[in-house]
Structures are given as C-alpha cells and as structure tokens.
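The values are calculated or read from the model by the stated rules, or taken from the named source; none is laboratory data. Given the structure is predicted, the values throughout are model-derived calculations rather than measurements. Virtual Cβ from ideal backbone geometry, glycine too; neighbours counted across all protein chains shown. Remember, those area values only see protein heavy atoms, side chains included, never the ligands or the DNA or RNA. Shrake-Rupley method; radii C 1.70, N 1.55, O 1.52, S 1.80 Å.
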Amino acid sequence: MKLLVCGGAGFIGSAFVRVRLAAGDEVVVLDKLTYAGRRENLQDLEIEFVHGAIEDPDAVAKAIDGAEAVVNFAAETHVDRSIAEPDAFVRTHALGTYVLLEAIRERRVRYVQVSTDEVYGSIEEGSFTESSPLAPSSPYSATKAGADLLVAGYVHTYGMEACICRGSNNYGPRQYPEKLIPLMVLNALHGDPLPVYGDGMNVRNWIYVDDFARGIGTVLERGVPGEAYNVGGPDEAPNIEVVKRIIELTGADESLIEYVTDRPGHDRRYSLASEKVRALGWEAQVRFADGIGRTVEWYRDNAWWWEPIRSGDYRAYYERHYGRALG
Ligand code: NAD
Ligand code: TYD
C-alpha cells in the first residue's frame with residue numbers, strides 16, 4: 001500500500017513509518033519539521049519526504065498524489081507549550097485537519113486520525129471507553145478533541161472511510177525531551193534536578209511507542225469507518241514511581257528530585273479501555289518494566305540524537321519553563 005504519513009518525522013510517526021516499511025508499504029512523509037520534527041528520526045529509511053504543513057493545501061496536494069491511505073500524526077503535542085502558546089495548536093489541529101479532510105474527500109482515500117486519551121479529560125477510577133464523552137481540559141486536548149469531532153462530522157456528512165485512534169501516554173526512543181520520561185532520563189544522566197509537578201501522584205497509562213504504532217496499523221487495516229478506537233498501554237503508574245524507576249536505572253541520586261509548582265489544570269489520571277481494538281487482533285507486547293529499561297538504554301547509547309537538542313533552542317525553552325538553566 002502507498003501511505004502518506006503526516007507528521008512522520010516526529011516520535012510516534014517515525015516509529016509507525018518503520019513498522020509500515022517493514023510490512024512492505026511504500027511511504028511518503030509530509031512534515032513541517034517543527035522543533036519536534038527531525039529528519040534524523042527517519043535516517044536510513046527509504047521514504048519520500050515532502051517538507052510542508054498539513055494546513056497548506058498545495059503541500060498536501062503534492063504529498064498525497066497516488067496515496068491509498070493517509071495517517072495523520074501531525075500535531076503540536078506538549079501540554080505545557082499549549083498553556084503558554086496555544087496558537088499553533090489551533091492552527092495545526094483545526095485548520096490542518098480540515099485541509100487534510102478536504103484532500104481525502106476529493107480523492108476518496110482511507111484516513112486515520114491519530115488522537116489521544118486526553119480528549120476524554122481526567123478519570124479518578126475506571127477507564128474511558130470510546131463512548132465516554134469528550135471533556136478536554138487543556139488547549140492541547142481541546143484542539144485535539146476539535147479535530148476528532150471534525151473527522152466524525154466529515155464521516156457522517158460525506159461518508160468517508162476515516163477512523164480515529166486514541167493512544168495513551170507513549171514512551172520509547174526518539175521522544176523529544178520536553179516530555180516526562182526523556183526529560184527525566186537525560187536530566188538524571190546529567191545530574192540535573194528532576195522537576196516533579198505537584199505531589200507526583202498524577203497517574204498516566206504508559207504504552208511503548210512500537211505497540212501504539214502497531215495499534216494504528218491495525219486500525220488502518222481493519223478499523224470500521226466512522227469508529228474511534230482506544231489504544232491504551234498495559235500499565236499505569238504515578239509520576240513519582242516512574243521518576244524513581246529512572247533514578248534506579250540511571251544510577252542517579254534521589255536527592256535530584258525537586259517538587260515544583262503544579263501545571264495549571266493538571267489532569268489527575270488517564271486510563272483507557274482498549275477492548276475494541278483488541279477485538280481487531282491487537283495486543284500490547286511491551287510491559288512498562290521492560291520498556292522503560294529499553295528506553296533508558298536507547299538514550300544512554302544515542303547521545304548523537306539528543307546532544308544537538310540539549311545544546312540548542314531547547315535550553316531556552318527549559319529556562320523559560322522551569323525558571324532555571326540546564327546544567
Ligand atoms: P511529536 O511532537 O514528536 O511529533 C509531531 C510531528 O508533527 C513533528 O514531526 C512535527 O514536525 C510535525 N508537525 C507539527 N505540526 C505540523 C504541521 N502543521 N504540519 C505538518 N507537520 C507538523 O509528537 P508525537 O508524540 O509523535 O505525537 C504524534 C501524534 O500522536 C500526535 O497527533 C499526538 O497528539 C498523538 N499522541 C501522542 C501521544 C504521546 O504520548 N506522545 C499519545 C497519544 C497520542
Ligand atoms: P507529559 O510527558 O508532558 O505528558 P502529558 O501531560 O501529555 O500526560 O507529562 C506526563 C506527566 O508528567 C504529567 O502528569 C505531567 C508530569 N510532568 C512532571 O511532573 N514534570 C515534568 O517536568 C513534565 C514535563 C511532566
């Protein structure tokens with residue numbers, strides 16, 4: 001199958017490209033290369049690369065030519081950045097998704113919108129199913145929910161072959177170090193403070209990136225048009241436990257933990273029920289205890305990947321956000 005992967009130079013998109021190339025697909029990547037999108041993530045892969053934004057109809061027309069399906073990962077993905085500067089989130093998620101939907105409506109190709117558990121909001125007990133109401137609580141999740149609703153509206157109105165795939169918190173190689181796990185791993189390796197928000201008891205439902213990538217592939221191949229599918233990880237953990245596990249794996253000192261001011265509107269817990277995608281034949285393969293070890297090892301072995309990030313604009317972001325310089 002010839003696939004257009006939007007946002008394929010990011011963390012999850014590039015893992016998905018690897019999975020699909022191994023399965024014999026032909027892949028075109030359309031990516032704007034924001035701070036989070038990197039050609040290095042696609043290094044040594046045989047793909048066609050189109051540099052452009054999903055909100056640009058000309059770039060989309062060029063990239064989609066001959067594609068049999070489109071999978072959209074392109075997004076602004078960091079909640080803290082969405083709180084500080086929401087405009088790019090609105091542009092990419094609302095306008096970008098609209099431009100893609102128009103392009104696939106004309107061409108009648110299959111479409112998967114990659115979404116997140118955050119569109120359901122926070123849940124104290126139990127797990128969200130696909131019929132749980134959308135109740136987003138940050139500019140990130142609100143704009144992602146808006147994109148999901150636009151997809152649903154297009155399916156209902158125009159009868160398009162589109163599905164939505166909602167993942168829980170991903171971790172693994174090539175994740176930009178603004179997110180909890182890579183940030184803590186790199187800070188621990190450098191002896192920098194480990195900034196834990198609030199009381200550290202917010203719970204996330206962790207999924208290894210390759211498991212999510214395979215889940216999206218399952219939905220692409222076997223999902224029923226118009227349906228949403230949750231793809232949740234096999235394990236949940238409070239943030240402080242994740243940080244302590246990273247300390248053990250890196251040999252860092254627990255005194256590096258620093259409790260800092262909480263994120264405004266911080267969702268307490270995410271949890272997904274994934275029976276619907278399991279019924280299509282998907283199963284998570286990597287437990288957190290194993291995946292976190294692999295992840296720490298990857299960052300330890302791939303300084304070439306993160307050194308340019310830690311010495312570039314990221315330093316300024318870090319200083320702005322955490323009010324202190326990186327060591
Ligand atoms: P990422 O930030 O690593 O990558 C995003 C990619 O999209 C980058 O390559 C970036 O350059 C590209 N991009 C951004 N705006 C664009 C635009 N307007 N046009 C074209 N390309 C653009 O993100 P990720 O963690 O790989 O997330 C990918 C998708 O998965 C997102 O839609 C996100 O909402 C969803 N998701 C992420 C997680 C997670 O834990 N990271 C969990 C569930 C769902
Ligand atoms: P993050 O990786 O930003 O993902 P999300 O907010 O989309 O779930 O954060 C995961 C959890 O870790 C979240 O509860 C916020 C918390 N966190 C910290 O405690 N310290 C940090 O420096 C960061 C980036 C996140």
Exercise. For N41, all conditions in the list (1) in a loop (DSSP other than H, G, I, E, B); (2) surrounded by 16 or more Cβ atoms within 10 Å (Cβ to Cβ); (3) under 16 Å from the mean Cα position of the chain (by Cα); (4) not hydrophobic (A, V, I, L, M, F, W, C) hold save one; what is the number of the exception?
Worked result: (1)
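For the range 51-87, name all the residues that are away from ligand 2 (no atom under 16 Å from the Cβ) and either of a type in the set (G, A, S) or under 14 Å from A142 (Cβ atoms) (or both).
Taking the range 51-87 and keeping what is away from ligand 2 (no atom under 16 Å from the Cβ), we get 51-72, 74, 87.
Within the range 51-87, G52, A53, A59, A61, A63, G66, A67, A69, A74, D87 qualify.
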Exercise. Does S127 satisfy the criteria of being more than 15 Å from ligand 2 (Cβ to nearest atom), more than 20 Å from G226 (Cα to Cα) and open to solvent by 50 Å² or more (accessible area, probe 1.4 Å)?
Worked result: yes
Exercise. Does at least one position in the range 132-147 carry a residue that is more than 9 Å from ligand 1 (Cβ to nearest atom), more than 26 Å from T218 (Cβ to Cβ) and without any contact (Cβ under 8 Å) to a residue 12 or more places away in the chain?
Worked result: yes
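Determine, yes or no, whether N169 is at pLDDT 95 or above, closer than 26 Å to E125 by Cα and either away from ligand 1 (no atom under 15 Å from the Cβ) or open to solvent by 30 Å² or more (accessible area, probe 1.4 Å) (or both). Outline the logic, then answer.
Working: at pLDDT 95 or above: yes; closer than 26 Å to E125 by Cα: yes; either away from ligand 1 (no atom under 15 Å from the Cβ) or open to solvent by 30 Å² or more (accessible area, probe 1.4 Å) (or both): yes.
Against the criterion (at pLDDT 95 or above, closer than 26 Å to E125 by Cα and either away from ligand 1 (no atom under 15 Å from the Cβ) or open to solvent by 30 Å² or more (accessible area, probe 1.4 Å) (or both)), N169 qualifies.
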Problem set entry | Candidates Y120, Y176 - the one that is open to solvent by 10 Å² or more (accessible area, probe 1.4 Å), within 16 Å of ligand 1 (Cβ to nearest atom) and closer than 30 Å to I246 by Cβ | Y176
